[in-house]
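The values are calculated or read from the model by the stated rules, or taken from the named source; none is laboratory data. Everything numeric in this text was worked out from a predicted model, so none of it was measured. Here Cβ is always computed from backbone atoms with ideal geometry, including for glycine, and neighbour counts include all displayed protein chains. Accessible surface is based on the protein model in full, side chains and every heavy atom, while ligands, DNA and RNA are left aside. Shrake-Rupley method; radii C 1.70, N 1.55, O 1.52, S 1.80 Å.
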Amino acid sequence: MASKKVDINTANLQDFAQLSGIGVRKAQAIIKYRKAVGGFSSISDLSEVPGLGYGIIEQSRNCLVCKVASKSRHRAARGRKSKSDVEAVESDVPVESPRPSTSAGRSLRSRLIETPSTSLSDDSSTLSHGKSEGGTSSETVRREEEDDDDGDVEEDWSPEGHRPHVSDDDVSSPTELDSAPPSPQDNRRIQRVNHQRSRIPVLVGKMKRKSYGCREEVWIPPFKRPCRPDDFDSQSTFGNLKKTTIIPSYAGGHRPRIPSKDNPPPRLMEWLQTFQTWSNAERLMAVDELIQICEPTQVRHMMQVIEPQFQRDFISLLPKELALYVLSFLEPKALLKAAQTCRYWRVLAEDNLLWREKCKEEGITETLVYGSNRLRRRTACRSPWKALYMRQHQIEQNWRAADLRSPKLLRGHDDHVITCLEFCGSRVVSGSDDNTLKVWSVITGKCLRTLVGHTGGVWSSQMEDNIIISGSTDRTLKVWNADTGQCINTLYGHTSTVRCMHLHKNIVVSGSRDATLRVWDIHSGVCKHVLMGHVAAVRCVQYDGKRVVSGAYDYMVKVWDPETETCIHTLQGHTNRVYSLQFDGIHIVSGSLDTSIRVWDVESGNCLHTLIGHQSLTSGLELKDNILVSGNADSTVKVWDITTGQCLQTLQGPNKHQSAVTCLQFNKKFVITSSDDGTVKIWDLRSGDFLRNLVSLDSGGSGGVVWRVRCSNTKLVCAVGSRNGTEETKLLVLDFDVEDKKT
């Protein structure tokens, strides 16, 4: 944009061309128009120059001045224009015959409206009718100039010096063309106007209306492509119109007032009433046809009026109950974004009951986040449930990607193997082949007490609240008080190593290498039932309070009624030893050395699915909500849907374990696996993506092993060591809880 002021009445071609949005061709049009009308009276007169829109004038308004008012069209219209000025106007519009008087002559517009369906020849003959009954050509020119000053006539001037372009508004009053013979351009113009009027016959009368600061009939320079009818498809949406039109940015951010709004055109109400009598389909058709004949500026106006109707804040208009119901369908992440919209949306998006439902959907409870023995921490948040959700989200992010904190080292059991591991509340219990169990605090990392009493290695254990049950190679089970370390009961009965057990309330079911299962009351120490039927060592057992399910080295899985001591079903199908078992009350899942995993129906005893994919012994299984995760000696982990038998994910790839999987844990978001290669890995349950290594022993690959892992919502406990002395036997405790900011 130019730095100096430009007088629009004296500026030359170069002065105009340097203005923003005005090139050489528009500058030529301005000078041509100025010469034709004898000068400008104000900057607003530039809007009458063909091809010069309101937006372009506004861009350059600060650099424009209008100092010469004596040459304005207003003086020329009052007869003060020089003879040369009049000749300059008349030179572009040749007069071939005297003009008819305004009282006797009829305008071209009215004649076209009265004969919308007549042929082109009829219109042409009407244009070329006889001479005026009174008045001279000079009077007609003068009358035209006066009408033009009043804004009733708008002229289109060609920068090339050709005959003026006849617009629909130009012929609303008598002009020189009324008596001139029609040119080929006139004939084509008449034909186009008739065609438009024939398409919508209801648009009759003098419905003249100016657009915003620019001409109704837009002059198209020769270097620009005119709009084609298909530019505005009848089926197009306003989204498509945005792509084909440019919405002008008005000064001050407000849309200009429609000039004709205070003075509506004739028969407007009649036209509207006719529109209201039509059906919906007819109205849609009329709107499509109306858009077809509208100029781009008029379509832009439609967009500016209609679009705000679809931008209403409907949430704020709804009753609070309905607004909360709508917001309840949003994901928590979307709710957090909605809270940033405005103050009222923030109040709604932090509703405590709304976030309670979100926590319920995700299975988030105060016990999960803060632990069973810790009080919920106070928060200044408007919604405690939202604070709970956000805390859990941060904990999950800590598991995924936060920097790992230095783990707590819990050293014990010397160089022996840790054979079993239990994690409950803030305490961890480890059993070893050194004949002892140790109780640890995960908060302080200290050994609280050592449980001594077994005369053989401890190979199985269970823990609930402050009760610990252990089974040993000394063929006994012991019941311990975790708070005092006292042995409450010693359960005698098995004749060989107690290899597995499952605790449910005050009943524990144990399986032994003597091929039997025994049901015990841990408080009285009495053996209530003995289940006999397997012919080889029992390796795994599950109990839900109603049925006992066991797997053994005899390739069988058996379902028992402990009250009657009868075998309900013997599930046959495996061709090798059964090493792992899961039971959810409906489905039984068994893993075997034959590399297969079988899903059984507990009521009928039928095999529902045989899960094939592993290459070796399935050593570990975890089942939650019909999702099964299996760990195998082939170093892979698989995620299954037991209802369909489909393998959802295989956790492998470049970052997979390099040796047998020893243990696994999973929740709704993650799978955590340990291996003989000395690593603990975390995976995304849904995508199967490897996230990172949580533990990586320096001795991994040369003897360092992670035997067992147990985890809570915020803690991970790993039992590590080696069989060749390369790694010290110890427990590693990793903390992923949110660190409270100290004030």
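When restricted to residues that are of a type in the set (G, A, S) and either open to solvent by 40 Å² or more (accessible area, probe 1.4 Å) or in contact (Cβ under 8 Å) with a residue 60 or more places away in the chain (or both), segment 573-610 contains 1. Residues that are within 37 Å of the chain's Cα centre (by Cα), within 22 Å of I418 (Cα to Cα) and open to solvent by less than 50 Å² (accessible area, probe 1.4 Å) do occur in segment 651-662.
Residue under question is I364, and the condition is that it be open to solvent by less than 70 Å² (accessible area, probe 1.4 Å), in contact with a Leu (Cβ under 8 Å, 6 or more places away or on another chain) and touching a residue at least 60 places away in the same chain (Cβ under 8 Å); does it hold? So I364 fails the test. Got a number for residues in segment 664-683 being open to solvent by 20 Å² or more (accessible area, probe 1.4 Å) and assigned to a strand (DSSP E or B)? Total meeting the criteria: 1. Only residues that are of a type in the set (D, E, K, R) and assigned to a loop (DSSP other than H, G, I, E, B) were counted in segment 2-32, giving 2.
When residues in segment 398-447 are screened for being part of a strand (DSSP E or B) and in contact (Cβ under 8 Å) with a residue 24 or more places away in the chain, 22 of them pass. Within segment 532-559, if we keep just the residues that are within 18 Å of L593 (Cβ to Cβ) and among the aliphatic types (A, V, I, L, M), the residue that is most open to solvent (accessible area, probe 1.4 Å) turns out to be V535.
In this structure, is I418 open to solvent by less than 70 Å² (accessible area, probe 1.4 Å) and over 30 Å from L517 (Cβ atoms)? Taking the combined requirement at face value, the residue does not satisfy it.
In summary, helices (runs of 4 or more DSSP H) completely within segment 275-348 and bearing 3 or more residues that are open to solvent by 90 Å² or more (accessible area, probe 1.4 Å) and within 30 Å of A387 (Cα to Cα) occur at 320-327.
In segment 637-650, the residue that is most open to solvent (accessible area, probe 1.4 Å) out of those that are in a loop (DSSP other than H, G, I, E, B) and of a type outside the set (S, T, N, Q) is G645. Report yes if G493 is surrounded by fewer than 19 Cβ atoms within 10 Å (Cβ to Cβ) and at pLDDT below 95, otherwise no. Taking the combined requirement at face value, the residue does not satisfy it.
Okay, residues lined up against (1) at pLDDT 95 or above; (2) under 30 Å from V458 (Cβ atoms):
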residue	(1), (2)
T341	no, no
L353	no, no
R356	no, no
T367	no, yes
N373	no, yes
T379	no, no
W399	yes, no
S406	no, yes
D415	no, yes
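For segment 508-531, a residue qualifies if it is of a type in the set (V, I, T), within 12 Å of E563 (Cα to Cα) and open to solvent by 10 Å² or more (accessible area, probe 1.4 Å), and exactly one does: V530.
Quick check: anything in segment 492-502 of a type in the set (V, I, T), in contact with a Lys or Arg (Cβ under 8 Å, 6 or more places away or on another chain) and in a strand (DSSP E or B)? Yes, there is a match, as at least one residue in segment 492-502 is of a type in the set (V, I, T), in contact with a Lys or Arg (Cβ under 8 Å, 6 or more places away or on another chain) and in a strand (DSSP E or B). When every residue of segment 349-356 is checked against the conditions, none turns out to be in a loop (DSSP other than H, G, I, E, B), of a type outside the set (D, E) and open to solvent by 50 Å² or more (accessible area, probe 1.4 Å). Taking segment 531-636 as the region of interest, the strands (runs of 3 or more DSSP E) fully inside it that hold 2 or more residues being within 26 Å of W707 (Cβ to Cβ) and at pLDDT below 95 are 618-624.
All told, V535 falls short of being in contact with a strand residue (DSSP E or B) (Cβ under 6 Å, 6 or more places away or on another chain) and β-branched (V, I, T). Taking every residue in segment 271-297 that is farther than 22 Å from G51 by Cα and of a type outside the set (F, W, Y) and pairing it with any residue that is modelled with pLDDT of 90 or more and assigned to a helix (DSSP H, G or I), at least 6 positions away or on another chain, the pairs with Cβ-Cβ distances below 8 Å are R283/F275; A286/F275.
Answer with yes or no whether L691 is within 14 Å of L651 (Cβ to Cβ), part of a strand (DSSP E or B), open to solvent by 20 Å² or more (accessible area, probe 1.4 Å) and at pLDDT 95 or above. Yes, satisfied. Quick one: in segment 443-478, which of the residues that are among the β-branched types (V, I, T) and surrounded by 22 or more Cβ atoms within 10 Å (Cβ to Cβ) is nearest to S512 (Cα to Cα)? The residue in question is V458.
Within segment 37-53, the set of residues being assigned to a helix (DSSP H, G or I), surrounded by fewer than 20 Cβ atoms within 10 Å (Cβ to Cβ) and out of contact with any Lys or Arg (no Cβ under 8 Å at 6 or more places or on another chain) comprises just one member, S44.
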